[in-house]
Amino acid sequence: MDNPTADTGQGMDAEHHDQPLFGGYEPPRAERLSPDQRRTRRQAADIAAGRHPLTGRRLHPDADATRTATSPQDGTPTCGTCQFRGLIGHHNKAFPKCQRPGAVITHGAASDVRAWWPACGSWVPKAGA
Ligand code: SF4
């Protein structure tokens, strides 16, 4: 038995078939982000809110929460000038990690520490920095 409410597509000419349902309104599409992109956004939001992306704790009092990956070195404390940031080798690659005692180090990018990040409260200047 035929379903009288079924849309078979018959009877709709090609001109009407391609028109948007609501007269030109295009609903916003959900942005598709990779896990790395989502993490990068979350980290930027942490920094903007005055939280360190790795520890989640308040930034160093002299750190600049407006820093971005392209900010020039300006003398404010960053992870890149901290003695605890170091490279850990694994499978012919080097990963920047915080080696402060008690810091959590995973085998993934979630615990990588960017040199440009404003420092956390445990920052200790690197010799010569
Ligand atoms: S201890 Fe140093 S390297 Fe580690 S998160 Fe704090 S500022 Fe960055």
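No lab work stands behind these numbers, since they all come straight from the coordinates. Fair warning: this is a prediction, and the values are worked out from it, not measured in the lab. All Cβ positions, glycine included, derive from the backbone under ideal geometry; neighbour counts span all protein chains shown.
Condition check ((1) within 14 Å of residue 126 (Cβ to Cβ); (2) without any contact (Cβ under 8 Å) to a residue 40 or more places away in the chain; (3) within 8 Å of the ligand (Cβ to nearest atom)) across all residues:
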site	(1), (2), (3)
51	no, yes, no
66	no, yes, no
69	no, no, no
72	no, yes, no
77	yes, no, yes
| request: Only one of these is exposed (fewer than 13 other Cβ atoms within 10 Å of the Cβ) and away from the ligand (no atom under 15 Å from the Cβ): 45, 127. Name it. | output: 45
| request: Name the single residue, out of those in region 92-103 being within 11 Å of the ligand (Cβ to nearest atom) and among the hydrophobic types (A, V, I, L, M, F, W, C), that is surrounded by the most Cβ atoms within 10 Å (Cβ to Cβ). | output: 98
| query | Which numbered condition trips up residue 106, out of (1) surrounded by fewer than 12 Cβ atoms within 10 Å (Cβ to Cβ); (2) on the phi > 0 side of the Ramachandran plot; (3) away from the ligand (no atom under 11 Å from the Cβ)? | reply | (2)
